[in-house]
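Take a look at the structure below.
The values are calculated or read from the model by the stated rules, or taken from the named source; none is laboratory data. The structure displayed is predicted, hence computed values, not measured ones. Glycine gets a Cβ as well: all are built from the backbone with ideal geometry, and neighbour counts include every protein chain shown. We work out accessible area using only protein heavy atoms, side chains counted, and drop any ligands, DNA or RNA first. Shrake-Rupley method; radii C 1.70, N 1.55, O 1.52, S 1.80 Å.
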Amino acid sequence: MSREGQKLDSAAGAGGVGIGLLSLDLLDQVLDRLREPRDRKACRLVSHAFERAEAAHRRALRVLRREPLPRLLRAFPALERLDLSACASLDDASLAAAVAGAGGGLAGLRRVCLARASGVGWRGLEALVAACPKLEAVDLSHCVGAGDREAAAVAAAAGLRELRLDKCLAVTDMGLAKVAVGCPRLEKLSVKWCREISDIGIDLLAKKCPELRSLNISYLKVGNESLRSITTLEKLEELAMVGCSCIDDEGLELLSKGSDSLQSVDVSRCDHVTYQGLASLIDGRKFLQKLHAADCLHEIGQCFLSKLATLKETLTVLKLDGLGVSDSLLQAIGEGCNNLVEIGLSKCSGVTDEGISSLVAQCSDLRIIDLTCCNLITNNALHSIADNCKMLECLRLESCSLINEKGIKQIASCCPNLKEIDLTDCGVNDAALEYLAKCSELRILKLGLCSSISDKGIAFISSNCGKLVELDLYRCNSITDDGLAALANGCKKIKLLNFCYCNKITDSGLGHLGSLEELTNLELRCLVRITCIGISSIAIGCKSLIELDLKRCYSVDDAGLGALARNALNLRQVNNMQSLAFVLANS
C-alpha cells in the first residue's frame, strides 16, 4: 500500500465518523488522488462513506467472473466503461440477466468490451444495447462465432461511433450492411479477418457511414474496388489493409485521388504492392504521419525516396520490416524524414552500424527503434542511438548477437525514459542488467535465451524497476528460486511472466510468486521440479491469473489442478489439454 493509502486507511479506521461527515464531492477528490487500486479498495473496506462515494463516482469496471456481475452493475450506477473481456463463462443468459437486474443503472454506459466473450450471442447483445441508450463503442473482437445476427443486434445502437469485429468469422456483407445502415455516425470500424466481407459490403459502408475516420480491413479478400469506394470517405484518417493480397499499385493510385485527410496507412504484407504504388499514394499527401510497409517491399526506388522527402514535416512513423536496405538508404531516410519518432527495421538485411549512425544523427526524436534480427549491428550502433536519441522509450534488439553489456551501459546511462527493451537471444549477462536497473521507468524486459543471466541479474532489476509489468526469461536456465524471491519482492506490479524451461525452479520459487496479486499470465512449460504444492501457492495467491502454461510439467498432478479449480476463479486458459479438462470439470 502507498503512503497516501496508509494514511487514509488509518484515518478511516480511527475516525470513521469524521470521514462520514464529509461530502461525496470531497471524498471523490480524495479517491481521485489514489493511484493504486489496492488503496481505493482499502478505503472502501474500512469506511462506508468511501464505499458510497466510490459507488457514485466510479466510471470504469472490469469484471473477471460472471457470478458477481448483477450485483456490481447495481452497485455502480455511474459506469461509463465496462470490460467483460476476461469474464469467464459469460453467456447470453447471464449477460441478459445482469442487464435486467441493473434496472436503469446502465443508462450512462458508453463503452463495452466483450472481446473473446465467445459465449455471448445476439440475445445478450440485444438486451445490452436496449439498456444502454448512450452506447458509443463496442468491442466484439475474437468472438469467433459472432455473425450477422450479432452484428444486427449491435446495429440497433444508433449512436455507435466505434465498433471492433476482428475475427468475427461469420460476419458477411449482410451483417456489415446492418451496421452501416443502423449506425450512420460510425467513426471507427475494424473488420480484420472477417473474410466473408467483400467489395460489395465495403462499398455500402462507404456510402452509409460518411463520418468514418478509422477503418481496418486487414486480411479481407477485397480488391481495388474497395479502395475506389473508400476514396469517397472525406474524413478518413487511418486505413489499415494488412495482408490484402488482392490490392496492388492500381488500388493505391485510386486511393491517392481521395481526400487529403489520410494520416496513417498500413499496407504491410500486401504482396502486390511495390514502391511505385506507395510513391503514387504519398504524392500530395500533406498530412500523412504514419506509413507501415512491413514485409511487402523488395526494393525501394529513388522516386519513393523523393516522395517520402515531401513528408519531412509530418511523417513520424515509418515501418519497413523485411526490406533489404543499405547505408545510403538509411542516410536518405534520415535526411528526408528527420521528425520520425518510430522506425521499424525488423529483419531488414543490410542494416549496419554506419547506417544506424547516419539515421539517428538526423532523427534525434526517435522513441521507438526496432532492430530485431539485424545481426550485423554492434555496440557502436547502440552508442550512436544513446548519444542521439535521449528520449528513447522502446528498443528491440532480438537476435542482435554482437552486442554486449558495454552497449547496454551506454543506452541505460543516456536514455532514462526507456520503458521497453527486447534482448532475446542477445547473450547479455548480469552486468548488462546491473546497468539496465538504472532505468526505473522500465515496463517490459525480454531476456529469452540469454543463458548467462542468473539470480544476481534479476536481483539488480528487482531493486529499482518497480514498474515492471512483463518479464520474459524463456530458457534462462540459471535462474533459481532465489531470483523469483527477489522478483516477487521488488516488482509487485508484474502481470506477465515467462519461465519456460527454467528447470532449476521448484515449488519454493512458485511460493514467492504467490504474492503477485496483479499477475495475469504465467508460463511454466517444462518445469519438471514443480508439483501440486507450488501450483497451489499460485492458485491461492495470484487472484488475477487468467492464463497458465503447464505443458510438460510432469510432476503436477490432480491435486494441483484441483487447487486451480477451487481458487483460481478468473482462470480462462490452461495450456495443457488434460489440465484444462480437469479444471473446467471441477470449477
**Asked** Cα centroids of segment 324-346 and segment 158-217: how far apart, whole angstrom?
**Response** 35
**Prompt:** Tell me, in nm to one decimal, what length is gained between Asp387 and Asp260 on full extension, where the rule is 0.36 nm per residue of separation less the Cα-Cα distance?
**Reply:** 42.0 nm
**Pairwise label distance in nanometres, Ser413 with Ala107, each label 7 Å out on the Cα-Cβ vector** = 6.3
**Request:** Note down the nm distance, to one decimal, between modelled labels 7 Å out along Cα→Cβ at Lys467 and at Glu547.
**Result:** 2.4
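Can you compute the FRET efficiency between Arg59 and Val528 using 1/(1 + (r/R0)^6), with r the Cβ-Cβ distance and R0 = 51 Å? Round to the nearest 0.05.
Given R0 = 51 Å and the Cβ-Cβ separation, E is 0.65.
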**Request:** Quick one: net charge around Ser198, please, counting Lys, Arg +1 and Asp, Glu -1 for every other residue with C-beta under 12 Å from its C-beta.
**Result:** -3
**Prompt:** At a Förster distance of 25 Å, what's the computed FRET efficiency of Ser245 paired with Cys303, Cβ-Cβ distance as r, to 0.05?
**Reply:** 0.55
**Request:** Would you mind calculating the gained length between Leu26 and Asp558 on full extension (0.36 nm times residue separation, minus the Cα-Cα distance), in nm to one decimal?
**Result:** 186.4 nm
**Request:** Kindly identify the chain as rounded, prolate or oblate by the Cα gyration tensor criterion: order the square roots of the eigenvalues as a ≥ b ≥ c, call it rounded if a/c is under 1.5, otherwise compare a/b with b/c, prolate if a/b is larger, else oblate.
**Result:** oblate
**Message:** Could you tell me which residue out of Gly251, Leu345, Ser264 lies farthest along the dipole of the chain toward its positive end? Charges go on the beta carbon: Lys and Arg +1, Asp and Glu -1, centred on the Cα centre.
**Reply:** Ser264
**Prompt:** Hey, which lysines would be in cross-link range of Lys438, C-alpha to C-alpha under 26 Å, not counting anything within fewer than 8 residues on its own chain?
**Reply:** Lys390, Lys406, Lys409, Lys419, Lys446, Lys456, Lys467, Lys492, Lys493, Lys495
**Complete:** With +1 on the Cβ of every Lys and Arg and -1 on the Cβ of every Asp and Glu, the dipole magnitude of the chain about its Cα centre, in debye rounded to the nearest 20, is 1840
**Request:** Give the relative contact order (percent, whole number) for the chain; include only Cα pairs under 8 Å separated by 6+ residues.
**Result:** 5
**Prompt:** So if we plug the beta-carbon distance of Thr231 and Val144 into 1/(1 + (r/R0)^6) with R0 = 35 Å, what FRET efficiency do we get, rounded to 0.05?
**Reply:** 0.65
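Please report, as a whole percent, how much of the solvent-accessible surface of the chain comes from carbon and sulfur atoms (probe radius 1.4 Å).
Details: 11910 of 24640 Å².
C and S fraction of accessible area: 48 percent.
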**Request:** Please state the charge dipole magnitude for segment 316-428, taken about the Cα centre, from unit charges on C-beta atoms (+1 on K and R, -1 on D and E), reported in debye and rounded to the nearest 20.
**Result:** 160
**Complete:** For Lys188, the lysines lying under 19 Å Cα to Cα, once residues fewer than eight places off in the same chain are dropped, come out as Lys134, Lys167, Lys178, Lys207, Lys208, Lys235, Lys290
**Message:** Using a probe radius of 1.4 Å on heavy atoms only, what accessible surface per residue do you get for the chain? Whole Å² is fine.
**Reply:** 42
**Request:** Give, in nm to one decimal, the length gained when the segment between Arg52 and Asp92 is fully stretched (0.36 nm per residue of separation minus the Cα-Cα distance).
**Result:** 11.4 nm
